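Following: one structure in structure tokens, then a few remarks.
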Amino acid sequence: MSVHEQFAEDLALYALGVLEGDERNALEKHLEGCTDCWRELEQLRGDMALLALSASGPAPPRRARQRLLDSIAGEPRMPVAVPPKRFSWWPALTWAAVAAMVLLAIFLGRQNAELRQRIAALQIQITNQQSELEHASEVLATFTAPDAMHVTLVAAKTPPQPQGKAIYLRRRGSLIFLANNLAPLPSKKAYELWLIPKTGSPIPAGVFKPDAHGSATVVNPPLPQGVEAKAFAITVEPEAGSPAPTSTPIMLGAGE
């Protein structure tokens, strides 16, 4: 239980003015350094003020009031013994109990709303973690599949020589590509990886840019399943990619 929850009931009693003794002193000391509980107390006082205003009834018509007064004045007066007034605590206690119940209901409603928000956030977090776990499982399955196709891509012998490694799983259409020693790109340009099938046109397999060390990775780009790959290639294309190669491949590797 948090510190704020321990003072929840005391806040309601304090707002009603019935909190006494050590509990009152402890709460006032806590309020000096806790802006959240102070804000909660102000809201409770505002709710009580609205409740008090809503309890006032309508005023009687002026003519009916005057007729009643005239009728009373016409009655013969007789001495009546007036018993001493006794103050009754019951109306005040009843009102205080009702007000406390209303304030407690408001407080619990706010607590329930916060709890629902926390549960929703946890559900989103769990969903994201499950998605990340599934993605990691797919990557591991592609790496370890015995029927995965491993292709090494090379470039012209200009040091440092760019290198690339493609791991392709045909039956699932999964592809993992790793590259290093890639040269920096001109402005608004990017590298594009191509799957070259045994028959048909090259298929786009991901657009990427290297980091400051010339390294890059492409993981599971959208590819059709069951395509038999003859080779993989890399070209330089516009940043958004191209549906078909527009330049000569700078790296090329054939399947084993």
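The values are calculated or read from the model by the stated rules, or taken from the named source; none is laboratory data. Being a predicted model, the structure only gives us computed values, none of them experimental. Every residue, glycine among them, receives a Cβ derived from its backbone with ideal geometry; neighbour counts consider all protein chains shown.
Observations on the model:
- Residues that are more than 36 Å from the chain's Cα centre (by Cα) and buried (at least 17 other Cβ atoms within 10 Å of the Cβ) do occur in segment 199-218.
- Considered as a group, the residues in segment 160-205 that are assigned to a loop (DSSP other than H, G, I, E, B) and charged (D, E, K, R) include one that is nearest to G241 (Cα to Cα), and that residue is K188.
- If only residues of segment 14-26 that are modelled with pLDDT under 85 and touching a helix residue (DSSP H, G or I) at 6+ places or on another chain (Cβ under 7 Å) are counted, the one that is surrounded by the fewest Cβ atoms within 10 Å (Cβ to Cβ) is V18.
- Exactly one residue out of R45, R39 is modelled with pLDDT of 80 or more and farther than 18 Å from E114 by Cα: that is R45.
- Some residue of segment 225-241 being assigned by TED's automatic domain parsing to the domain that holds A179, among the charged types (D, E, K, R) and within 15 Å of P162 (Cβ to Cβ): no
- Qualifying residue in segment 112-125 (condition: under 30 Å from F177 (Cα atoms) and assigned to a helix (DSSP H, G or I)): yes
- Filtered by the rule that a residue be in a loop (DSSP other than H, G, I, E, B), under 39 Å from the mean Cα position of the chain (by Cα) and more than 24 Å from L140 (Cβ to Cβ), segment 220-256 gives E239, A240, G241, S242, P243.
- Within segment 149-162, one or more residues are among the small types (G, A, S), in contact with a strand residue (DSSP E or B) (Cβ under 6 Å, 6 or more places away or on another chain) and under 22 Å from G214 (Cα atoms).
- Pairs linking a residue in segment 127-148 that is farther than 22 Å from G255 by Cβ to a residue that is at pLDDT 85 or above and surrounded by 10 or more Cβ atoms within 10 Å (Cβ to Cβ), with Cβ atoms under 9 Å and 6 or more positions apart or on different chains, are H135/V219; H135/N220.
- Being in the same structural domain as A8 (by TED's automatic domain parsing), at pLDDT below 85 and touching a helix residue (DSSP H, G or I) at 6+ places or on another chain (Cβ under 7 Å) is a property that holds for A100.
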